[in-house]
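All remarks here apply to the structure that follows.
The values are calculated or read from the model by the stated rules, or taken from the named source; none is laboratory data. Values in this document were obtained by computation on a predicted structure and should not be read as measured data. A quick note on method: Cβ atoms are made from the backbone with ideal geometry, for glycine too, and the neighbour counts reach across all protein chains shown. The accessibility values were calculated without ligands, DNA or RNA, using every heavy atom of the protein model including side chains. Shrake-Rupley method; radii C 1.70, N 1.55, O 1.52, S 1.80 Å.
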Amino acid sequence: MIVRDKKVAVVGGGPGGLTLARLLQLKGAAVKVYERDTNRNVRVQGATLDLHYESGLKAIEAAGLMDAFKATYRPGNDRYRVTDEHAVIHYDEHEKESTGDFGDEWFRPEIDRSPLRDILLDSLQPDSVVWNSHIVLLERSGNGWNIIFRNGSTAYADIVVGADGANSKIRPVVTPIAPVYTGVTLLVGNIPDAEKNVPILNALVKGGKITALGKCRSLFLSEKGDGSLDVYIGWKAALDWASSSGIDLTDNMQVLAWFKEEFAGWDELWLELFDCPEAEFTYRPLHGMPLGLHWETQPNITLLGDAAHVLPPNGEGVNTAMLDALNLTECLTNGKFTELKQAIAHYENQMFERFTEEAETTAAMMEWMYALNARQVMIDMMSEMPG
Ligand SMILES: Cc1cc2nc3c(=O)[nH]c(=O)nc-3n(C[C@H](O)[C@H](O)[C@H](O)COP(=O)(O)OP(=O)(O)OC[C@H]3O[C@@H](n4cnc5c(N)ncnc54)[C@H](O)[C@@H]3O)c2cc1C
C-alpha cells in the first residue's frame with residue numbers, strides 16, 4: 001500500500017474529510033483530521049441531506065456504517081412538495097404510497113448534518129480529529145508539508161488532502177482556478193420550534209420539504225430533526241448585495257421589508273418566516289467552479305469535495321464529497337499504483353470527469369430555476385423520476 005508508513009493530513013472535518021479518514025483508517029493508514037471548529041459540539045449548519053445509492057450511501061456502506069445510518073436517518077423527510085408563490089401545491093410526494101427503501105436505486109434517505117457528522121466521528125480511532133485547527137498556511141517541507149494553524153501550532157504530513165470546503169485554503173496550493181459567482185444569492189435562515197413559531201408553514205411542510213417557485217424566485221423549506229425549519233430564499237442579486245442593500249440581517253423587520261419588496265406578488269403566508277425573533281438569517285452568494293476543471297497532479301497533495309469542485313446546491317454536494325473519499329481511498333490502497341502521484345492522478349481524473357457532467361447539469365438548473373417556467377420544469381423532472 002503506497003500510503004503505508006506515511007502521515008496523511010486531511011484538512012477539514014466535513015462529510016468528505018471524515019469519510020476519507022474513516023475509509024483510510026479501515027485500510028490501516030495513519031490519518032489525522034485538522035478541523036477549525038473548536039470541538040465536536042459546534043452546531044453544524046444546513047438543511048437535511050439526502051444520500052444517494054451510487055455515491056453517499058455507497059461510501060457509508062464501504063465505511064461499515066450502514067447500521068448506524070439506518071438507526072439515525074429520518075424516514076419521510078424526503079417527501080417533497082412543489083408549490084407556486086401562493087403556496088398552492090402542484091406536486092406532492094405525500095400522495096405517493098412509498099418513496100422506496102434501502103437497496104432501491106432511487107431511494108434517497110435523509111439525515112441531518114449533525115448526526116451524519118457524529119456517525120463518522122464515532123467511527124474514527126481516538127484522537128484522530130485535532131479540533132481548533134484553522135489552517136492558515138501550507139509550506140513544503142522536505143518530501144512533505146508543514147501545516148500552520150491560526151492558533152500557532154504546526155503539524156507535519158507526508159500527504160495533504162484539502163477537504164476544507166468552498167473557501168478552501170489548500171486549493172490555491174493545488175490550482176489557481178477559483179469559484180465564480182453564479183449571479184444567484186441565497187438568504188439562509190433557521191426557525192427554531194417551527195410548530196410554535198411558524199405553524200402555517202410547518203403544517204405545509206408536513207415533515208418533509210417544500211420548494212416554492214414563482215416570478216423567477218425560489219423559496220425552500222426543510223424540516224430538521226430538532227423541530228426547526230431551514231429556509232433558503234433564492235433570487236438573482238448583485239455579488240455585493242449584502243453591503244449595497246444596507247440591510248441589517250440581524251433585524252428581522254428589515255429582512256421582512258426586503259422580502260415584501262423583492263418577492264412582491266408572493267402570498268402573505270410566507271411572511272410568517274420573519275415574525276419569529278429567534279429566527280436567524282444570513283446570506284450566501286452561490287459560487288461554482290468553472291466548466292472544464294482540470295489541474296496538473298502533484299505527488300503528495302490533492303483536494304476533495306467542495307474544496308475541489310464546489311457548485312451551487314444541486315442535491316449532490318455531500319454525495320460527491322463522500323464518493324471522492326471512496327475513490328481516493330481506493331486509489332491510495334488498492335495496490336494497483338506504485339507511485340503516489342499515479343494514484344492521485346487516477347483519482348483526480350475520475351473526479352474531473354464526474355464534475356464535467358455535474359457542472360453542466362447544475363448550470364442548466366441555475367438557468368431554469370430562475371426562469372418564468374421554473375415550476376413546470378421542476379414538476380416535469382420530478383414526475384419523471386422512478387419510484
Ligand atoms: C445552502 C446550501 C444547501 C445545500 N444543500 C445540499 C443538499 O441538500 N444535499 C447535498 O448533498 N449537498 C448540499 N449542499 C452542498 C454541501 O453542503 C457541500 O457540497 C458539502 O458539505 C461538501 O462537503 P465537504 O466535506 O467537501 O465540505 P464542507 O461540508 O464544507 O466541510 C468543510 C470542513 O472544513 C472545515 N474548514 C473550513 N476551512 C477550514 C480551515 N481553514 N482549516 C480547517 N478546517 C476548515 C469546516 O469547518 C468544515 O467542517 C448545500 C450547500 C449549500 C450552501
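(1) in the same structural domain as CYS331 (by TED's automatic domain parsing); (2) out of contact with any Phe, Trp or Tyr (no Cβ under 7 Å at 6 or more places or on another chain); (3) surrounded by fewer than 18 Cβ atoms within 10 Å (Cβ to Cβ): which one isn't true of VAL136, the others all being true?
(2)
From (1) away from the ligand (no atom under 16 Å from the Cβ); (2) at pLDDT 95 or above, pick out the condition that doesn't hold for PHE102.
(2)
Of the conditions (1) open to solvent by 70 Å² or more (accessible area, probe 1.4 Å); (2) in contact with a helix residue (DSSP H, G or I) (Cβ under 7 Å, 6 or more places away or on another chain); (3) part of a loop (DSSP other than H, G, I, E, B), PRO126 fails just one. Which one is it?
Condition (2) is where PRO126 drops out.
May I ask you to list the residues in segment 271-319 that are part of a loop (DSSP other than H, G, I, E, B), in contact with a Leu (Cβ under 6 Å, 6 or more places away or on another chain) and open to solvent by 30 Å² or more (accessible area, probe 1.4 Å)?
PRO299, the sole residue that qualifies.
Pick from LEU256, LEU239: which is closer than 13 Å to PHE281 by Cβ and of a type in the set (A, V, I, L, M)?
Unique residue meeting the criteria: LEU256.
Does ALA87 fit the bill of being open to solvent by less than 20 Å² (accessible area, probe 1.4 Å), closer than 30 Å to LEU372 by Cβ, small (Gly, Ala, Ser) and not in a strand (DSSP E or B)?
yes
Which one of these is closer than 19 Å to ALA178 by Cβ and either polar (S, T, N, Q) or within 14 Å of the ligand (Cβ to nearest atom) (or both): ALA325, ALA307? Walk me through it before giving the result.
Details: ALA325 fails: closer than 19 Å to ALA178 by Cβ.
It is ALA307.
Would it be correct to say that VAL188 is assigned by TED's automatic domain parsing to the domain that holds PRO312 and not in a loop (DSSP other than H, G, I, E, B)? Spell out how you get there, then give the answer.
Details: assigned by TED's automatic domain parsing to the domain that holds PRO312: no; not in a loop (DSSP other than H, G, I, E, B): yes.
Considered against the rule, which asks whether it is assigned by TED's automatic domain parsing to the domain that holds PRO312 and not in a loop (DSSP other than H, G, I, E, B), VAL188 comes out as no.
What pairs come out if I take residues in segment 39-52 that are among the acidic types (Asp, Glu) and pair them with residues that are more than 8 Å from the ligand (Cβ to nearest atom) whose C-beta lies under 6 Å away, six or more apart or interchain?
Hits for this filter: ASP50/ASP78; ASP50/ARG108; ASP50/GLU110.
Could you tell me which numbered condition ALA238 fails, if it satisfies all but one of (1) assigned to a loop (DSSP other than H, G, I, E, B); (2) open to solvent by 50 Å² or more (accessible area, probe 1.4 Å); (3) closer than 30 Å to SER114 by Cα; (4) not β-branched (Val, Ile, Thr)?
(3)
Output the residues belonging to segment 1-36 that are in a loop (DSSP other than H, G, I, E, B) and either crowded, with 18+ Cβ neighbours inside 10 Å or hydrophobic (A, V, I, L, M, F, W, C) (or both).
Those that are in a loop (DSSP other than H, G, I, E, B) and either crowded, with 18+ Cβ neighbours inside 10 Å or hydrophobic (A, V, I, L, M, F, W, C) (or both): MET1, ILE2, VAL3, LYS6, GLY12, GLY13, GLY14, ALA29, GLU35, ARG36.
For GLY225, state whether it is touching a Lys or Arg at 6+ places or on another chain (Cβ under 7 Å) and either in a strand (DSSP E or B) or outside the structural domain of LEU304 (by TED's automatic domain parsing) (or both).
For GLY225, the condition - touching a Lys or Arg at 6+ places or on another chain (Cβ under 7 Å) and either in a strand (DSSP E or B) or outside the structural domain of LEU304 (by TED's automatic domain parsing) (or both) - is met.
For segment 328-346, name all the residues that are surrounded by fewer than 20 Cβ atoms within 10 Å (Cβ to Cβ), touching a helix residue (DSSP H, G or I) at 6+ places or on another chain (Cβ under 9 Å) and in a helix (DSSP H, G or I).
Matches in segment 328-346: GLU330, GLN342, ALA345, HIS346.
One line per residue, one yes/no per condition, for (1) buried (at least 20 other Cβ atoms within 10 Å of the Cβ); (2) in a strand (DSSP E or B); (3) more than 25 Å from the chain's Cα centre (by Cα); (4) within 11 Å of the ligand (Cβ to nearest atom):
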position	(1), (2), (3), (4)
TRP145	yes, yes, yes, no
TYR156	no, yes, yes, no
VAL161	yes, yes, no, yes
ASP164	yes, no, no, yes
PRO172	no, no, no, no
ALA178	no, no, no, no
TYR181	no, yes, no, no
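Can you confirm whether TRP258 is under 25 Å from GLY227 (Cβ atoms), assigned by TED's automatic domain parsing to the domain that holds GLU195 and in a helix (DSSP H, G or I)?
no
Take the residues of segment 38-83 that are near the ligand (Cβ under 10 Å from one of its atoms) and outside any loop (DSSP other than H, G, I, E, B): which is modelled with the highest pLDDT?
Applying the filter and picking the extreme gives GLY56.
Which one of ILE247, ILE233 is open to solvent by 30 Å² or more (accessible area, probe 1.4 Å) and among the aliphatic types (A, V, I, L, M)? Full working, then the answer.
On the way: ILE233 fails: open to solvent by 30 Å² or more (accessible area, probe 1.4 Å).
Checking each option against the conditions leaves just ILE247.
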